[in-house]
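Bear in mind these aren't lab numbers, they're just calculated from the coordinates by the rules spelled out. Computed from a prediction, not measured in an experiment: that's the story for all the values here. Because the Cβ atoms are built from the backbone with ideal geometry, glycine has one as well, and the counts that use them run over all protein chains shown.
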Amino acid sequence: MPNDARALARHLAHYGITPCASAAHWQARWRAVDPALRAALDATRQPGATRAPTTAEQLRFYAAMAEPQVAGVMYSRQASTLHAIGSAVAALVAGRPLLLDLGCNIGHLTTWYAACGAVRTVTGIDFVPQCIASARALALPAGAAAKFVAGDITQALPAGSFDAITDTHTISTLPDAAATLALVRSALHPAGILVTVLAHATAASTAHFAHALAAAGLHVHKLEFVYGTDLGQTAAHPLLLAAIAQPATRVDIAGGFAAARLPGA
Ligand SMILES: C[S@@+](CC[C@H](N)C(=O)[O-])C[C@H]1O[C@@H](n2cnc3c(N)ncnc32)[C@H](O)[C@@H]1O
């Protein structure tokens, strides 16, 4: 299957992830979900919370969200963004046989990298056992051979020398990314790459993240923006490609953000 828009849309649809034209459209889809499953997810939320969720809260939230019907509708709020990320990341990892995807959730992007032929073998890791169970159950019908492992990426990564490590919206949300970045550095093949898409990033937080990468011996070679239009709003998500080798020229993060000129960038 090629890394093209139609095939990727079909792949995400297999996970129940399809675009919503508006917030009202998404609300209607959410109301059609089994009320018991909706209540289970709602019970994990912290309405009005002004702090970042604790690890225990995250585990509860993602466990309730791992139910395929719930995950499909929840991820449909960002279907266009996930589509854009899947396409951009697959293009960057193409031809690198062994891939590890961090914070894989139900495996909707993880399996795409194998299904589109970009990589030969893919492993996904997530610390929510319910996500791993759903990822395993959904991968086969999605037509992708992938291995899924339950584990905490701040503690250990699956053994191997990976040609590419991918991460969407996970490492950048960790309270302290240093331990994970050191593990990534050790798990990468010397010529391997890390492709990481940052969550809720600004120019300043992206520059800070690039410093954390460099401190772990991972150097930014490329900054790209991935654009998604979901529920009528367009946002730009910064993507960094880092490697163990130093780049020939320093990547200008502030300049990249200035040129992107969109909300979210
Ligand atoms: C924002 S979701 C992103 C999911 C997926 N990568 C995507 O972009 O659609 C973050 C995922 O990372 C997982 N996660 C968060 N902290 C983790 C940790 N320390 N170890 C392993 N997984 C973690 C969560 O369970 C969740 O599935």
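Some notes on this structure:
- Most fluctuating residue given options R250, R185, R96, as computed from a GNM of the chain linking Cα atoms under 10 Å: R250
- Charge dipole (the chain, unit charges on Cβ, about Cα centre) - positive-most of S161, G151, G103: G103
- For the range 36-104, a simple Cβ point-charge model (Lys and Arg +1, Asp and Glu -1, everything else neutral) yields a dipole of about 120 debye relative to the Cα centre.
- Test item: Cα-centred dipole of the chain, Lys/Arg +1 and Asp/Glu -1 on Cβ, debye: 280
- Most mobile listed residue (A210, A248, A201) in the chain, GNM with C-alpha springs under 10 Å: A248
- Ellipticity estimate at 222 nm from DSSP helix runs (n ≥ 4, -39,500 (n - 2.57)) divided over the chain, nearest 500: -12000 deg cm²/dmol
- Comparing P141, P129, P68 in a Gaussian network model of the chain where C-alpha atoms under 10 Å apart are linked, the largest mean-square fluctuation is found at P141.
- The stretch between A28 and K222, if pulled fully straight at 0.36 nm per residue, gains 65.9 nm over its current Cα-Cα span.
- Within the range 215-259, the percentage of alpha carbon pairs spaced more than 15 angstrom apart rounds to 52%.
- Cα-based helix-to-principal-axis angle, 129-139 vs the chain, degrees rounded to 10: 90
- Whole-percent pair-distance distribution, where bins are 10 Å wide, for the alpha carbons of the range 86-243: 11, 42, 37, 9, 0
- Rounded tilt (10° steps) of 79-93 against the dominant C-alpha axis of the chain: 30
- Ranked by the mean number of other Cβ atoms within 10 Å per residue, highest first, peptides 148-154, 37-43 order as 148-154, 37-43.
- Taking the DSSP beta bridges with both ends in the range 79-260, the antiparallel portion is around 45 percent.
- Each of P35, A5, F61 was scored by the projection of its Cα onto the charge dipole of the range 5-76, and the greatest displacement toward the positive side belongs to A5; charges sit on the C-beta of Lys, Arg, Asp and Glu.
- Degrees between helix 203-215 axis and first principal axis of the chain (Cα, 0 to 90, nearest 10): 60
- Projected label distance in nm at T173 and A259, using a 7 Å step from Cα toward the beta-carbon: 2.9
- Rotationally averaged projected area of the chain (alpha carbon convex hull; nm²): 13.3
- Gain upon complete extension [K147, A36; 0.36 nm per residue less C-alpha separation]: 36.9 nm
- Seen from every direction in turn and averaged, the convex hull around the alpha carbons of the range 164-265 projects onto 6.3 nm².
- Unit Cα scatterers, Debye sum, the range 111-159: log10 I(q)/I(0) for q = 0.16, 0.32 Å⁻¹: -0.44, -1.15
- For the range 57-165, projected area of the alpha-carbon convex hull averaged over all directions, nm²: 6.5
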